[in-house]
Amino acid sequence: MINNEFRLGKIMQKRQMYADTQNKIIETTLILMKSKPISTIKVTEIVRMAKINRTTFYLHFQDVPALIEYIENTLIDELIECFKSVPNNWIQIYSQEQEERFYLKFAQIIETNFSMYQRLMGSNGDAKFILLVRQRLSDYIAPTIITTNDDLNISSDILHELILSGLLDVLQYWIQKDPSLTPQKIARLLLVSRHVSPNQRVKRKQ
């Protein structure tokens, strides 16, 4: 029994060391992105700053592009899990209060890793990241929409794109241009952008 507990303790310790090293590699890469484009970062620079050897790096990632892909997909996976926690037709059945609470949860997930989003979407980041976010979230943001029968005759595909674009545009503005906004403010903006057209918010001259 004691031997089994000892082995289990050793296994858990090794797993924690592996996770700690992987986090150090990621954090070091994000630091390097402050001063240089992501496409120019080399394994040599990462291992030197992280104070690990190249063999250790390659135990975790094949190369720098694989490292960036891992970071990006991990962030997006968290967003997808948020959408998986609500019904597929949430956008049709939720009250505005429920919808705003969902947006708040979504914004808080982003806030948790805000610096990562800033690096990836900044001038030294990955220009394809926002496209990847859009592509992967597309199947989870309002996947089932029933449109109204009116004179506009807007298809569900177009409506889906409008909802997806509105959500991502607000998030992109927050991350790239006004990081001082709180998740509560972002949740409110997302709600308003869904239910009030910009034309309604413009003050008309008397």
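The amide H of GLY125, built 1.01 Å from its N in the peptide plane, has ILE38 as neighbours under 5 Å, considering only residues 5 or more places off or on other chains.
Label positions at ARG48 and TYR140, each projected 7 Å from the Cα along the C-beta direction, are separated by 3.8 nm. With the cut-off at 32 Å, tell me which of the pairs LYS42/LYS84; LYS51/LYS105; LYS84/LYS128 have Cα atoms farther apart than that. Violating the 32 Å limit, Cα to Cα: LYS42/LYS84; LYS51/LYS105.
Near GLN98: Cβ cut-off under 15 Å, other residues only, Lys/Arg at +1 and Asp/Glu at -1. The net charge is +1. In plain terms, the chain from GLN62 to TYR173 could stretch by 36.7 nm, reckoned as 0.36 nm per residue minus the Cα-Cα distance.
Applying the Karplus relation 6.51 cos²θ - 1.76 cosθ + 1.60 with θ = phi - 60° to segment 61-73 yields 3J(HN,Hα) values of 9, 5, 6, 5, x, 5, 5, 5, 4, 5, 4, 5, 5 Hz, where x marks Gly and Pro.
Rounded to 0.05, the FRET efficiency of the LEU162 and THR112 pair, given R0 = 41 Å and the Cβ-Cβ distance, is 0.90. Could you tally the net charge around ILE80, taking each other residue with its Cβ under 12 Å from the Cβ of ILE80, Lys/Arg +1 and Asp/Glu -1? It works out to a net charge of -2.
FYI, it's all coordinate maths here, none of it is from the lab. A quick note: this is a predicted structure, and the numbers were derived from the prediction, not measured. No Cβ is skipped: glycine too gets one built from the backbone with ideal geometry, and neighbour counts run over all protein chains shown.
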